[in-house]
There are 4 protein chains.
Amino acid sequence: MRHAHMRPVVDLIVCPMNNPSDVSFIEKAFQEQDIDPLNVVAVIGKSEGSGLPNDYGRLLADLKVRELLAQLRDTTPQAISDEVTIAISGGSPGTVAPHATLLVQRWEEIDVSQEGEGTGGIVLGRSSTRDILPEHIGRVEQVDATSEAVKLALDEAGVSDISDVHMVLVKGPALTYDAVTKAESNGMDLVTKDPGIGPMGSMCFSNDAMAIGVGVALGEIDRAMVSNASIRRDWNLYSNVALTSSGGEKRKGEVLVVANRRDSGSQFRAGHGVTSDFGESDGIKQALKSAGLDFDCCPSEEQKGQIAQVFAKFTLPPSSATKAGRVTVLEDHEAHHVAKAVGGAIVTSVTGLKMAFISGGEANSHMGPPGGNPVCAIVKI
Amino acid sequence: MRHAHMRPVVDLIVCPMNNPSDVSFIEKAFQEQDIDPLNVVAVIGKSEGSGLPNDYGRLLADLKVRELLAQLRDTTPQAISDEVTIAISGGSPGTVAPHATLLVQRWEEIDVSQEGEGTGGIVLGRSSTRDILPEHIGRVEQVDATSEAVKLALDEAGVSDISDVHMVLVKGPALTYDAVTKAESNGMDLVTKDPGIGPMGSMCFSNDAMAIGVGVALGEIDRAMVSNASIRRDWNLYSNVALTSSGGEKRKGEVLVVANRRDSGSQFRAGHGVTSDFGESDGIKQALKSAGLDFDCCPSEEQKGQIAQVFAKFTLPPSSATKAGRVTVLEDHEAHHVAKAVGGAIVTSVTGLKMAFISGGEANSHMGPPGGNPVCAIVKI
Amino acid sequence: MRHAHMRPVVDLIVCPMNNPSDVSFIEKAFQEQDIDPLNVVAVIGKSEGSGLPNDYGRLLADLKVRELLAQLRDTTPQAISDEVTIAISGGSPGTVAPHATLLVQRWEEIDVSQEGEGTGGIVLGRSSTRDILPEHIGRVEQVDATSEAVKLALDEAGVSDISDVHMVLVKGPALTYDAVTKAESNGMDLVTKDPGIGPMGSMCFSNDAMAIGVGVALGEIDRAMVSNASIRRDWNLYSNVALTSSGGEKRKGEVLVVANRRDSGSQFRAGHGVTSDFGESDGIKQALKSAGLDFDCCPSEEQKGQIAQVFAKFTLPPSSATKAGRVTVLEDHEAHHVAKAVGGAIVTSVTGLKMAFISGGEANSHMGPPGGNPVCAIVKI
Amino acid sequence: MRHAHMRPVVDLIVCPMNNPSDVSFIEKAFQEQDIDPLNVVAVIGKSEGSGLPNDYGRLLADLKVRELLAQLRDTTPQAISDEVTIAISGGSPGTVAPHATLLVQRWEEIDVSQEGEGTGGIVLGRSSTRDILPEHIGRVEQVDATSEAVKLALDEAGVSDISDVHMVLVKGPALTYDAVTKAESNGMDLVTKDPGIGPMGSMCFSNDAMAIGVGVALGEIDRAMVSNASIRRDWNLYSNVALTSSGGEKRKGEVLVVANRRDSGSQFRAGHGVTSDFGESDGIKQALKSAGLDFDCCPSEEQKGQIAQVFAKFTLPPSSATKAGRVTVLEDHEAHHVAKAVGGAIVTSVTGLKMAFISGGEANSHMGPPGGNPVCAIVKI
């Protein structure tokens, strides 16, 4: 959406959380930085715990953030769902520190002379899909619903050139044991009977249908190539900017687009890269360079100081054979946890960030090419 | 030990293992590379599994390596214990690939004219402590026994200048539940009642007494500063080259020294560095530079090809507060596993190695300064 | 406390919870059963999750129960701490179903003629210790503070005969990593540096100091026999009715006494038993018999219908040798979880209950004799 | 197979194992009990560890048992595979103690007058399927191959009346990640892409195809009702005596039948029961009664002394709703471990046995009715 004589100004504030119920740093950010709570577009965070379905740190953090926003915006926690994208990812292993990133967007009036000019920084777009039925999870219906919602969010962000898009984050629904039991008694056919995050898990099917939806919306994937049979099978279909996740508590897909826009007034600029293998750091460096940092091998200490945030997904490799040896992570009971630890360690070692958003642990995905994953970096201009 | 008119030639061969009972690549190495089995000094490896006390992958790998060596050397598996240092570390999370590194040393005759000349590559030294009693684990008796054994190994390696020493690996004993139960009924006082790897675990006490022993032998630690009270308390006492580990199945400490020696005929050179924080990569780069690679920020692809092996320990940080945020790894039930995943990911991202030796997961240690750890790198000259 | 012309009437309502934030069944109980919220004495429950320190299901359930009670009693969640004992134990493995047991006590006026007469059912007593300092955890100071608080609670319950006491539940403080780090930098001496639940864990030390405090208050343990050296060492000191637990978030010990009283008007009667070995069911049957069920081998289906609740602790055996074989649970990384699963399975198989309160998983304790544990049963008269 | 003038005499010896490589008790049993190693039909055991695919305790125990038998029978470990059924199940949580049960059968000559007479004790039958291809796992091809092999084993055992059969144990193949990767690149269609034990895991599909195969062979299941679509979907098809398990290292199904036979000379008699719900003990009592113990509610201490062994499977319930509450085990990351702990605790509490064979942890199965499982008991006559 383009507002005449106005331009978007986006702020990004990374707030630590000392436990999943601790929103004191978020509260302080509102007070000290004079943020209008009505301008909050998204809260994207990490909570501590196992990161598994029965880890309730995620739910607790989500609840506390929601209650705080409701209070500040003078509305109900329920109403927040339709107004702000809240995506808390559970599990902060290794170097990953629990936190919440506030994404705030205001529109400032500009002179006619300034029209179309700006920092080239980021703009945000938000949208939601309709409710996704259990029998549509992991199937073309979810692909199409996501694709439509992404187009709306792109439109809201006023993005015309797809190459300006550096992250499309979608949080959507997954199956639950209850849904599976119900479908079994109804004779309804679901894409899988495993609600979890294993190779046949509904979270993988949902994440991947949404990732393909992102790819279709951005023109990275030809819709004609997509059928139910290609989801989680034809790994040549992928998006380089999709970062999708899912949970049994969600009904619809919530979309957040992060793009650069010439007339943005934001002091932050986005970029993205794609890792090429499990445990490889070049994709992270690409993302930093794409966001505007100019370095040869590693960012300097000064450049590290400019890195505001990294959003990345680290999924498991498609097979146990890697270029440099047979990894055993596919048979590892803690693979969901270890994948995030691996990603976090590499991001930390390259950027110095500990409060980066590191999600992942699912089996191979349509987010990035086989074995690789998208990484989005945000730097201060 | 210096042999007149002879010089040591050390080879290092990294062999993948497709499961803990797979010694086929080791067998092939002997056949194809014309290695005399009697020259094997040490086998240092990683096995897959949880890496916990009741992970028997470690025992299985140890058994199979021992049986193979016994067969090749025409002796019994039992006899191997006194002749070869076998140290298998359990747990290969994330990018870490199961493998065994053979360290082989032969003595070649040289001309008088060559005396004292060589590649400046590595030399190995081996020794053992006497049996360490349960009540001496984690106490000064273990410190002193280790220190004496390290001196013997240094002597065997013919090392005169301590700055040439880049790794002192020691594998020693830990308490078992049986030992604790027995001590309790005897009224014997042990350093702890926890056999495990937590902050009061006997594995930490044993590793740390041995690390201090290494530091004393090398002059890094003043023996007069060491009492029972300082072990796992006075963190200013530490060694920069000690890499110690322990297990309930061991009775004595087995020592392996890796040093450079001017007249070595080896094509491999060692170096070491020390990490300064959990999730930091500079210590790894220091080790590579110390071993002779000359680079500014990152090793080039060609230089990566020269890296033969990295031996590193990644322990947990001393507190949850790090420079860049509150990490939650101290409260993580899988911290033992995650610490290795973090270390492995950083080593892989810097070096490209997947079959590196990454051990760790204990609480803060006397191996390196608080929060940091020694890293040893071996490069082809 | 005895109220002239009044007698206590205790109700016990077991409410399922469909997830840790679900207090809908508790809310319904208040509505449908006409309970005065001001009469709630305690809420004792189980939440799902790993049951480990970083499982936040416990905190979430506690928060939601607290908020509901505050709303119903027209006060603040903070104020509830001083008025109601809330003890949520994390981890509902195997047959154990998440739930909350409401314990409600009202005082009804009686005729002079009825004075001293009643059902012989239960009465409740509540009290708290002062704040326990970190350096007093697991030591005689905590023993004495607990003992005094238990005496207050006994007094409040109006119990004169100790043999009428069937459970003294105490929820108290444990160390945290922050407390340990702080003590280390202050040179303060703590009982342990391990905050956790292993054999040297602060949760075990705290639970055991409190259990001994209960035993002293009830005359089961001679105070003269108790010193710092005997805590977690002299296993002959134990209580047969103590059920203690601890958490880093608590500052003081909250005490709940459940006893029978001749003039009680309650329709519920308590009893207790003590298990003699890990995986043994006789202690549970003893508790049921002690509460008034008369059976030979197993309760009948009708008698099972009378069983209102079971509160039990299942700790780990003191050694791996049991009468019938070497169990491996001491080396089991999931022992905390498995111990509850074992206890829950036995309680379920004997009683048919799934929403029983099954806590445990720590190493051997002063709650019950070595290898055994107290069990409290409540039956409908 | 019936041998004229001969009758089978079966012995059953339960040997503890102090770790997965400890076969000393088995060795001692051969020495002290004068067992001819050539008469060993099966070794069925439990090893300690996580019980997950990358728990190598199982492989180590299997290897050591195999090597011992090879040595005693003067053959190679490889040859043992075709001669003896070795089934080691990993994971000994809670009360379950690691052990191996030797099943030994000799044929003794008898008089014509004794023909057809005996103790009515047990007889054993063994057989194997052909190799099962990856694409046939979990499908009718595996059902039929198993069914044929079971008929051979019944024939070998000389069983004519199906009601005499109390256990058909089958150990068969499962998919591996390598097999899945290979199939994906070949375009081959497998029943699942998940090698594991979750609701879509290949171990469940394999176990269930084999269980249906057992049911077909015994006439419990009508072959006409079985199609690929009914496997893991039509839960009305089940066997009451099948106890199947699988592993990626197996190629064919190895079958062991345990039945009673009128003319057996064995001092052991078998029986079976079926549990009706997760955490229920009646099925175990039924099995004991079926094997000949006569009791009302619980076996007496003397009768407990007669119980030689229990073989049982404890799978997860079909949904989280049970008669007595919502269990959370389906969402439990450690469900595989906890299910065995639950089963072991109930078996121990009823029988006093700690070295019982308790397998399980998979999702709902065709072994027994929904939520229930077969239990086989062996008692001394």
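The values are calculated or read from the model by the stated rules, or taken from the named source; none is laboratory data. Note that the coordinates shown come from a computational prediction; the quantities given were computed from them, not determined experimentally. Note that each Cβ is placed from the backbone with ideal geometry, even for glycine, and that neighbours are counted across all protein chains shown.
Remarks
- Positions within the stretch B:20-47 being modelled with pLDDT under 95 and either surrounded by 20 or more Cβ atoms within 10 Å (Cβ to Cβ) or charged (D, E, K, R) (or both), in sequence order: B:Glu32, B:Asp34
- Test: D:Gly253 is more than 21 Å from D:Ala308 (Cβ to Cβ) and at pLDDT below 95: no
- Where C:Lys151 falls short, out of the listed (1) surrounded by 24 or more Cβ atoms within 10 Å (Cβ to Cβ); (2) more than 14 Å from every other protein chain (Cβ to nearest Cβ); (3) out of contact with any Phe, Trp or Tyr (no Cβ under 7 Å at 6 or more places or on another chain): (1)
- Selection from the stretch C:223-239 of residues that are within 23 Å of the chain's Cα centre (by Cα) and assigned to a loop (DSSP other than H, G, I, E, B): C:Val226, C:Ile231, C:Arg232, C:Arg233, C:Asp234, C:Trp235, C:Asn236, C:Leu237, C:Tyr238
- When the residues of the stretch A:22-48 are filtered to those that are small (Gly, Ala, Ser) and within 21 Å of A:Val170 (Cβ to Cβ), the one that is farthest from the other protein chains (Cβ to nearest Cβ) is A:Ala42.
Condition check ((1) surrounded by fewer than 20 Cβ atoms within 10 Å (Cβ to Cβ); (2) among the aromatic types (Phe, Trp, Tyr); (3) within 14 Å of chain B (Cβ to nearest Cβ)) across all residues:
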site	(1), (2), (3)
C:Ala183	yes, no, yes
C:Asp222	yes, no, no
C:Arg232	no, no, yes
C:Ala242	no, no, no
C:Ser246	no, no, no
C:Arg251	yes, no, no
C:Ala259	no, no, no
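- Of the residues D:Glu115, D:Glu141, the single one that is surrounded by fewer than 20 Cβ atoms within 10 Å (Cβ to Cβ), of a type in the set (Asp, Glu) and free of Cβ contacts under 8 Å to residues at least 60 places away in the same chain is D:Glu141.
- Considering (1) in a strand (DSSP E or B); (2) over 21 Å from C:Val310 (Cα atoms); (3) hydroxyl-bearing (Ser, Thr, Tyr), the lone condition that C:Thr244 does not fulfil carries the number (2).
- Condition check for C:Gly273: buried (at least 24 other Cβ atoms within 10 Å of the Cβ), away from every other protein chain (no Cβ under 11 Å) and under 30 Å from C:Arg7 (Cα atoms): yes
- Members of the stretch C:310-357 found to be among the polar types (S, T, N, Q), within 8 Å of another protein chain (Cβ to nearest Cβ) and under 20 Å from the mean Cα position of the chain (by Cα), listed by number: C:Thr348
- For the stretch D:49-89, filtered to residues that are part of a loop (DSSP other than H, G, I, E, B) and within 14 Å of another protein chain (Cβ to nearest Cβ), the residue that is modelled with the lowest pLDDT is D:Pro53.
- Of all residues in the stretch D:91-115, exactly one satisfies the criterion of being in a strand (DSSP E or B), more than 18 Å from D:Val14 (Cβ to Cβ) and in contact with a helix residue (DSSP H, G or I) (Cβ under 7 Å, 6 or more places away or on another chain), namely D:Arg106.
- Condition broken by A:Asp144, with the remaining ones in (1) under 22 Å from A:Gln33 (Cβ atoms); (2) at pLDDT 95 or above satisfied: (1)
- Whichever residue in the stretch A:265-281 is touching a strand residue (DSSP E or B) at 6+ places or on another chain (Cβ under 9 Å) and part of a loop (DSSP other than H, G, I, E, B) and, among such residues, is farthest from A:Val350 (Cα to Cα): A:Gly265
- Failed item in (1) touching a residue at least 40 places away in the same chain (Cβ under 8 Å); (2) farther than 18 Å from D:Ser245 by Cα; (3) more than 11 Å from chain B (Cβ to nearest Cβ), with D:Asn19 passing the rest: (3)
- Among (1) more than 18 Å from A:Lys340 (Cα to Cα); (2) out of contact with any helix residue (DSSP H, G or I) (no Cβ under 9 Å at 6 or more places or on another chain) - the single one A:Arg7 does not satisfy: (2)
- Matching option when the condition is in contact (Cβ under 8 Å) with a residue 12 or more places away in the chain, assigned to a helix (DSSP H, G or I), in contact with a strand residue (DSSP E or B) (Cβ under 7 Å, 6 or more places away or on another chain) and over 30 Å from A:Asn19 (Cβ atoms), among B:Ile378, B:Ile284: B:Ile284
- Among (1) closer than 30 Å to A:Gly361 by Cβ; (2) without any contact (Cβ under 8 Å) to a residue 12 or more places away in the chain - the single one B:Thr76 does not satisfy: (1)
- Residue within the stretch D:337-347 that is β-branched (Val, Ile, Thr) and closer than 18 Å to C:Ser50 by Cβ present: yes
- Among (1) more than 14 Å from chain B (Cβ to nearest Cβ); (2) buried (at least 21 other Cβ atoms within 10 Å of the Cβ), the one test that A:Thr95 misses: (1)
- The residues listed here are B:Gly198, B:Gly213; of these, the one that is more than 30 Å from B:Trp107 (Cα to Cα) and either over 18 Å from the mean Cα position of the chain (by Cα) or part of a helix (DSSP H, G or I) (or both) is B:Gly198.
- Hits in the stretch A:185-204 - residues which are out of contact with any Asp or Glu (no Cβ under 9 Å at 6 or more places or on another chain) and more than 10 Å from chain D (Cβ to nearest Cβ): A:Asn186
- Residues of the stretch D:166-194 that are in contact with a Gly (Cβ under 9 Å, 6 or more places away or on another chain), touching a residue at least 40 places away in the same chain (Cβ under 8 Å) and over 11 Å from D:Gly213 (Cβ atoms): D:His166, D:Lys171, D:Pro173, D:Ala174, D:Leu175, D:Thr176, D:Ala179, D:Leu190, D:Val191, D:Thr192.
- Breaking point among (1) within 24 Å of D:Tyr56 (Cα to Cα); (2) away from chain A (no Cβ under 13 Å); (3) touching a Leu at 6+ places or on another chain (Cβ under 7 Å), for B:Thr101: (2)
- Residue match in the stretch C:360-374 (condition: more than 17 Å from the chain's Cα centre (by Cα), of a type outside the set (A, V, I, L, M, F, W, C) and within 14 Å of chain D (Cβ to nearest Cβ)): yes
- Residue in the stretch B:293-302 that is more than 14 Å from chain A (Cβ to nearest Cβ), under 30 Å from B:Lys380 (Cβ atoms) and either crowded, with 24+ Cβ neighbours inside 10 Å or in contact with a strand residue (DSSP E or B) (Cβ under 9 Å, 6 or more places away or on another chain) (or both) present: no
Residue by residue, here is whether (1) in contact with a Cys (Cβ under 7 Å, 6 or more places away or on another chain); (2) of a type in the set (Gly, Ala, Ser); (3) under 23 Å from A:Ser89 (Cβ atoms) holds:
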| position | (1), (2), (3) |
| --- | --- |
| A:Thr244 | no, no, yes |
| A:Lys250 | no, no, yes |
| A:Glu280 | no, no, yes |
| A:Cys297 | yes, no, no |
| A:Gln303 | no, no, no |
| A:Leu330 | no, no, yes |
